[in-house]
Amino acid sequence: MKLYPLFADLAGRRVLVVGGGAVAERKAAALLEAGAAVTVGALAATENLQAWAAAGRIELRLDGFEQAWLDGCWLVIAATGEPLLNRRIATLAEKRRLFVNVVDDAELCSFHVPAVIDRDPVTIAISSGGTAPVLARLLREGLESLLDPALGPLAALAARLRGKIRARLPDLGARRRFYEQLFAGPVLQLLRRAQPEQAEAEAERALAGAVTQSVGSVVLVGAGPGDPGLLTLRGLRALQEADVILYDRLVAAEVLALARRDAERIEVGKEAGNHHVTQERIHALLLEHAQQGRRVVRLKGGDPFVFGRGGEELEHLRAHGVPYEVVPGITAALACAAYAGVPLTHREHAQSVRFLTAHCRGSHDTLDWPALARERQTLAVYMGVSELGTVQEQLLAHGRAASTPFALVENGSRMKQRVVTGTLARLQQLATAHEVRSPALLILGEVAALARELAWFGAPPVGDCSEIDASSVAETPLARRA
């Protein structure tokens with residue numbers, strides 16, 4: 001975040017606008033809406049600015065800019081249309097530690113005027129840091145259509161009832177739940193129908209019947225593979241309602257940033273060979289926070305029920321009577337394949353797909369290698385970077401063709417995604433040569449040959465596809481079309 005978002009209370013505070021044209025008029029109008037004491041200085045001024053001055057709404061100085069105009073100001077806006085004068089104003093303001101906005105010159109600005117959505121007392125501001133004001137305006141237009149006009153009266157009603165709510169619901173969790181019900185229930189519907197008295201009476205009735213103590217719960221949320229756009233709407237809602245979040249190492253920072261700002265965040269990440277938080281400790285943390293009446297989100301990369309030990313955590317919660325729910329996520333195999341352009345099934349190449357983990361060498365003894373080595377099926381191997389050599393050895397030993405294509409997807413769906421392709425015969429060699437690191441998912445099977453042709457996200461695949469082109473898809477419809 002380059003800019004720090006700030007909502008300034010300018011009521012009664014002096015703000016200087018230098019310039020007398022249409023742009024200066026718009027700036028002055030917005031400042032008047034905020035209650036500022038506006039001074040406009042320019043050699044000439046629009047009719048509206050002159051009328052506002054005559055009515056006593058603004059102070060108007062029809063003269064050339066003087067440094068003394070800055071005395072007593074809190075903010076300064078330079079809108080003269082003269083670059084040299086604007087720069088001088090910005091320099092003098094900076095020396096006085098005054099925030100200054102120079103119209104159409106982002107480099108000289110110490111604050112930016114955002115595009116605003118007004119649902120008084122709710123205000124939403126959108127800024128592009130001065131780099132793309134048209135984009136900010138388009139975003140505002142899109143959000144305007146989504147935000148209920150009754151949000152302002154609803155916020156005002158909540159403010160009037162705030163003291164009663166705090167007295168009735170001293171428990172923070174119970175109070176937060178009441179607000180959520182208030183903002184989504186019949187009170188809002190009454191305000192939409194322009195019935196404020198009935199809305200306030202309904203809010204009073206709801207408050208009288210509100211539960212005074214909060215009951216804790218746990219939501220297992222699949223965070224998806226990394227791209228925050230792949231988080232489900234239900235998962236987003238859970239993050240914004242959470243009091244505490246226990247998150248894994250593979251959860252992307254961009255996903256975690258979508259949570260409530262004041263939610264407590266606890267990293268409980270685990271990786272091969274480094275379990276700095278044991279599963280037993282995770283169970284204890286879930287129970288501890290839920291029993292304190294807090295809403296806990298257990299945030300897992302991918303999907304909580306695909307190699308995520310989500311079932312074990314639910315068993316523990318159920319045994320201790322803790323309410324829970326599960327929000328599925330897009331598992332890594334689906335996302336990595338899609339973002340690498342690899343269909344997991346294809347009627348020409350694979351009629352089935354198998355998900356497996358090569359998390360540690362001991363797990364290899366439980367895998368059905370002869371079945372995994374059969375052709376015309378896709379293998380999606382999780383957490384297998386450190387065991388690629390063993391996977392390669394076992395599959396070759398049990399009859400999988402050395403020419404079978406593979407695609408190793410590192411950081412799938414993220415901006416740093418990288419795809420390494422080749423054949424099973426050179427799997428370990430190519431992974432080592434390209435220094436593939438976790439998180440990475442191995443997709444092995446005939447469909448992996450399509451990675452080169454269908455890639456659409458990030459950099460093109462790297463590796464060696466000469467063997468794939470020569471043998472794996474020879475005489476297939478795909479090869480003939482190519």
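Every read-out reported here was derived from the displayed coordinates using simple, explicitly stated rules and does not represent laboratory data. Keep in mind the model is a prediction, meaning the values are calculated, not measured. Quick reminder, even Gly has a Cβ in these numbers, built from the backbone with ideal geometry, and neighbours come from all protein chains shown.
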Between L75 and residues 5 or more places away or on another chain, the pairs with built amide H atoms under 5 Å apart involve L16
Charged-residue dipole, Cβ positions (Lys, Arg, Asp, Glu), the chain about Cα centre, Debye nearest 20 | 780
List the aspartates and glutamates whose alpha-carbon lies under 15 Å from that of K2, not counting same-chain residues fewer than 8 positions away?
-> E107
Estimated distance in nm for a label pair at R249 and A29, the labels positioned 7 Å out from Cα along Cα-to-Cβ = 5.7
Measuring from label point to label point, each 7 Å out along Cα→Cβ, what is the A257 to F7 span in nm?
-> 2.1
Could you give the distance between the Cα centres of segment 11-57 and segment 167-190, to the whole Å?
-> 41
Here the gain from full extension of R97 to R347, 0.36 nm per residue of separation minus their alpha-carbon distance, amounts to 83.2 nm
If the convex hull of the alpha-carbon atoms of the chain is projected onto planes in all directions, what is the mean projected area in square nanometres?
-> 31.6
Tell me, in nm to one decimal, what length is gained between Y179 and L147 on full extension, where the rule is 0.36 nm per residue of separation less the Cα-Cα distance?
-> 9.7 nm
Could you size up the charge dipole of segment 151-279 around its Cα centre, putting +1 on the beta carbon of Lys and Arg and -1 on that of Asp and Glu, and report it in debye to the nearest 20?
-> 460
Distance in nm between label sites at E375 and E107, each 7 Å beyond Cα in the beta-carbon direction?
-> 6.4
Computed over segment 41-195: relative contact order in percent, which uses C-alpha pairs under 8 Å that are six or more apart = 12
Towards the positive end of the charge dipole of segment 168-320, with charges on Cβ (+1 Lys, Arg; -1 Asp, Glu), say which of F305, L172, V218 has the farthest Cα.
-> L172
Considering the zone a paramagnetic label at D368 would reach in this model (a point 7 Å from Cα along the Cα-to-Cβ line), which residues of segment 302-322 have amide N under 19 Å from it?
-> 307
With a Förster radius of 45 Å, plug the Cβ-Cβ distance of W74 and T212 into 1/(1 + (r/R0)^6) and report the FRET value to the nearest 0.05.
-> 0.55
In whole Å, what is the distance between the alpha-carbon centres of segment 390-430 and segment 246-323?
-> 31
How much FRET efficiency would the formula 1/(1 + (r/R0)^6) give for Q291 and E66, where r is the Cβ-Cβ distance and R0 is 60 Å, rounded to 0.05?
-> 0.35
Please compute the net charge surrounding V342, taking Lys and Arg as +1 and Asp and Glu as -1 over other residues with Cβ under 12 Å from its Cβ.
-> -1
